[in-house]
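The values are calculated or read from the model by the stated rules, or taken from the named source; none is laboratory data. Remember, it's a predicted structure, so these values are computed and weren't measured experimentally. Quick reminder, even Gly has a Cβ in these numbers, built from the backbone with ideal geometry, and neighbours come from all protein chains shown.
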């Protein structure tokens, strides 16, 4: 991506945020009153990172029934995006004085974080609230073992895999105490948005790649390496209907990735297929098989028990050796992407015997409602600590 063009876009965003800061703060305050002694959901990102918050919104809106919440944003564009996405109250903290008031005058007693953005440290400097990292999905990505986890009082993980990963990698970290296992409460919620496709004998394929990453170690995305050949083969075969769900950040750091994404979209310009950029959740029940990358999509899909294929990333990505899930699923190399139809037909309708143990290792008990109950209990316990 052109450096000059990127800088110009960034300057425009900064200017717009400066210009709209006061009006956004007033609109947020007028829209919804602030509850007493709330727990803050800290969102320091902009619209491009909204998916990280959106991943938790159904769970958080449910939690709000027992623990009053407020979404605290640091960017006007992020605050406007959050206001459009949730019924929870939103506040824009334009600077340190706003955060001081929220924590010390408005009585924020806990803070939940959905990502590892550096701007989180603006809120982490306050010692009074309990700080809980939620993240935005279980995976064997390099970002799942960040040393930043040490900054939070607690880092919630889905299952034993997440706890073991932190205990194994982070020096001096007591994961048994600081990493409560809460399951994946997102799996208790479905979202609208499924197309009205009738069953016609064709296999519904969810292709949900991650983005290209902002550094070589995080280059797990497959669109530029697999995507065009994979989707073209599925479309030309005629026995598949494709739901392509590009990551919201696809193409933001790589021209090649952006061009490949556009080419994949062009291949799917037909009512038989769908380029899906709407709510996430309905795809798990709707699709028959999932092709994805090393990302949280794979681990959420695993709970369905339906066939799963995970792509092999390029050599630059951090290795995922020792992953029980990735060792158990079919892997798709870039050189084999055009042969995907034959691979998908060979998989049957469900994962092999023993798959339930793999699922439990990563996301815990998937009995409906179990993860929601564990998540609520863990938040309440953290607030009492």
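Flag not set for residue 221, criterion: in a loop (DSSP other than H, G, I, E, B), in contact (Cβ under 8 Å) with a residue 40 or more places away in the chain and either in contact with a strand residue (DSSP E or B) (Cβ under 6 Å, 6 or more places away or on another chain) or within 17 Å of residue 197 (Cβ to Cβ) (or both).
Going through the stretch 270-316 one residue at a time, which ones are in a strand (DSSP E or B), within 26 Å of residue 346 (Cβ to Cβ) and touching a residue at least 24 places away in the same chain (Cβ under 8 Å)? The answer is 274, 289, 290, 291, 292, 308, 309, 311.
Among the residues that make up the stretch 65-88, is at least one of them in a strand (DSSP E or B), farther than 23 Å from residue 47 by Cβ and in contact with a helix residue (DSSP H, G or I) (Cβ under 8 Å, 6 or more places away or on another chain)? Among the residues of the stretch 65-88, not one is in a strand (DSSP E or B), farther than 23 Å from residue 47 by Cβ and in contact with a helix residue (DSSP H, G or I) (Cβ under 8 Å, 6 or more places away or on another chain), which makes the answer no.
In the stretch 327-345, how many are assigned to a helix (DSSP H, G or I) and touching a strand residue (DSSP E or B) at 6+ places or on another chain (Cβ under 6 Å)? So the count comes out to 1.
Given the condition closer than 26 Å to residue 315 by Cβ and more than 15 Å from the chain's Cα centre (by Cα), answer yes or no: does some residue in the stretch 202-213 qualify?
Yes - at least one qualifying residue is present in the stretch 202-213.
Regarding the stretch 18-41, can at least one residue be identified that is outside any loop (DSSP other than H, G, I, E, B), touching a residue at least 40 places away in the same chain (Cβ under 8 Å), closer than 23 Å to residue 191 by Cα and in contact with a strand residue (DSSP E or B) (Cβ under 6 Å, 6 or more places away or on another chain)? Yes, the conditions are met somewhere in the stretch 18-41. Residue selection: residue 338 fails the criterion of being more than 20 Å from the chain's Cα centre (by Cα) and farther than 24 Å from residue 226 by Cα.
Residues in the stretch 32-53 that are surrounded by 12 or more Cβ atoms within 10 Å (Cβ to Cβ) and more than 20 Å from residue 119 (Cα to Cα): how many?
5
Within the stretch 127-159, the set of residues being modelled with pLDDT of 95 or more, within 16 Å of the chain's Cα centre (by Cα) and not in a loop (DSSP other than H, G, I, E, B) comprises 133, 155, 157.
Listed here are the residues, each with its yes/no results for (1) in the same structural domain as residue 372 (by TED's automatic domain parsing); (2) buried (at least 20 other Cβ atoms within 10 Å of the Cβ); (3) within 18 Å of the chain's Cα centre (by Cα); (4) assigned to a loop (DSSP other than H, G, I, E, B).
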| position | (1), (2), (3), (4) |
| --- | --- |
| 162 | yes, yes, yes, no |
| 168 | yes, no, no, no |
| 173 | yes, no, no, yes |
| 177 | yes, no, no, no |
| 183 | yes, yes, yes, yes |
| 194 | no, no, no, yes |
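Can we say residue 320 is in the same structural domain as residue 247 (by TED's automatic domain parsing), in contact with a helix residue (DSSP H, G or I) (Cβ under 8 Å, 6 or more places away or on another chain), outside any helix (DSSP H, G or I) and closer than 20 Å to residue 165 by Cα? Yes; evaluated as a whole, the condition is true for this residue. Answer yes if at least one residue in the stretch 99-110 is at pLDDT below 95, surrounded by fewer than 21 Cβ atoms within 10 Å (Cβ to Cβ) and in contact with a helix residue (DSSP H, G or I) (Cβ under 6 Å, 6 or more places away or on another chain), and no otherwise. Taking every residue of the stretch 99-110 in turn, none turns out to be at pLDDT below 95, surrounded by fewer than 21 Cβ atoms within 10 Å (Cβ to Cβ) and in contact with a helix residue (DSSP H, G or I) (Cβ under 6 Å, 6 or more places away or on another chain).
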